[in-house]
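What follows is a set of notes on a single structure, which appears directly below.
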Amino acid sequence: MLTNQTANLLRAMKLPAMAAEYQRQREAPAMEGLDFDERIAMLVDSEWRARENNRITRLLRGANLRLSNACFADIDYRPVRKLDRTTIARLSDFAWVKERRNLILTGATGTGKTWLACAFGAEACRMGLQVAFYRVSRLLNEMAAASELGTFGKLLVKIKRNDILLLDDWGLARLTPREGRFLLEIFEDRYNERATIICAQLPVANWHGIFEDATCADATLDRVIHNAYRLELHGPSMRAVPGNVTQTPTIDETD
């Protein structure tokens, strides 16, 4: 009776993993050989691990990554890929996020930009960072709708809250002056405050031309490019070669 009462109280206090571990210990004869401190430590550890796993699950779900299964462990490092492990290692510690810098991934269609960006996003979630994935066109539509509904400010706060904003398909279409101002609002909020990952087919040198408003282009790109790491991906489409998941980058750090 006392055993059931203790387990129920643990659940009532929202400690389900601890309750489960408590019952497991009660049913495992080997536990009798452990002292009180060891068994308490196991109870606490089980609850802590469960909460950490739940937190990571929530972060991954909230990130809404386009490729949710992408991860660093699956990067293809075969010699034919010529992928520099040191480059990925430098960026995989996410010091650039703490430094409020950006990461720009460019390359032709199918070279693995989105996959690699999602791998960074997923790993960031596992490190406890808050991530949000958007295709640029859908983000602009959401911002336009928020502007009409009078919730634009709330949306900006929501976007800024993320440690990493991941923008895919940058530069696929020309940006109207209004759309350019939307993006400027985002990067004005994030400059020296939060990090952003951008995936684009266009090389950075051509980005100015996607803005119809040249002044807005100057202001936006000034906040995006000059504090960014760059990875340029090369090679044939990864979709045409089964088993390949990423492609050779070169890194260029700009100050």
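Summed over the range 119-146, the residues that are of a type outside the set (D, E, K, R) and free of Cβ contacts under 8 Å to residues at least 24 places away in the same chain give a count of 3. On the stretch given as the range 157-181, residues that are part of a helix (DSSP H, G or I) and touching a strand residue (DSSP E or B) at 6+ places or on another chain (Cβ under 7 Å) total 2.
In the range 59-68, of all residues being of a type outside the set (A, V, I, L, M, F, W, C) and touching a residue at least 12 places away in the same chain (Cβ under 8 Å), the one that is surrounded by the most Cβ atoms within 10 Å (Cβ to Cβ) corresponds to 66. Scanning the range 109-131 for residues that are surrounded by fewer than 20 Cβ atoms within 10 Å (Cβ to Cβ) and either under 18 Å from residue 55 (Cα atoms) or within 11 Å of the chain's Cα centre (by Cα) (or both) gives 123, 126, 127, 128, 129, 130.
Residue-by-condition table, conditions (1) touching a Pro at 6+ places or on another chain (Cβ under 7 Å); (2) polar (S, T, N, Q):
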site	(1), (2)
149	no, no
152	no, no
155	no, no
161	no, no
171	no, no
187	no, no
190	no, no
196	no, yes
216	yes, no
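No other residue among 162, 227, 244 is at pLDDT below 90 and out of contact with any His (no Cβ under 8 Å at 6 or more places or on another chain) apart from 244. Whenever a residue of the range 37-58 is in the same structural domain as residue 7 (by TED's automatic domain parsing) and more than 14 Å from residue 18 (Cα to Cα), it has no partner that is surrounded by 14 or more Cβ atoms within 10 Å (Cβ to Cβ) and of a type in the set (Ser, Thr, Tyr) lying with C-beta atoms less than 9 angstrom away and at least six residues away or across chains.
Looking at the range 159-181 only, could you name the residues that are more than 21 Å from residue 219 (Cβ to Cβ) and surrounded by fewer than 13 Cβ atoms within 10 Å (Cβ to Cβ)? Scanning the range 159-181 gives a single hit, 161.
The values are calculated or read from the model by the stated rules, or taken from the named source; none is laboratory data. All values reported here derive from a predicted model rather than from experimental measurement. Cβ: placed from backbone, ideal geometry, glycine included. Neighbour counts: every protein chain shown.
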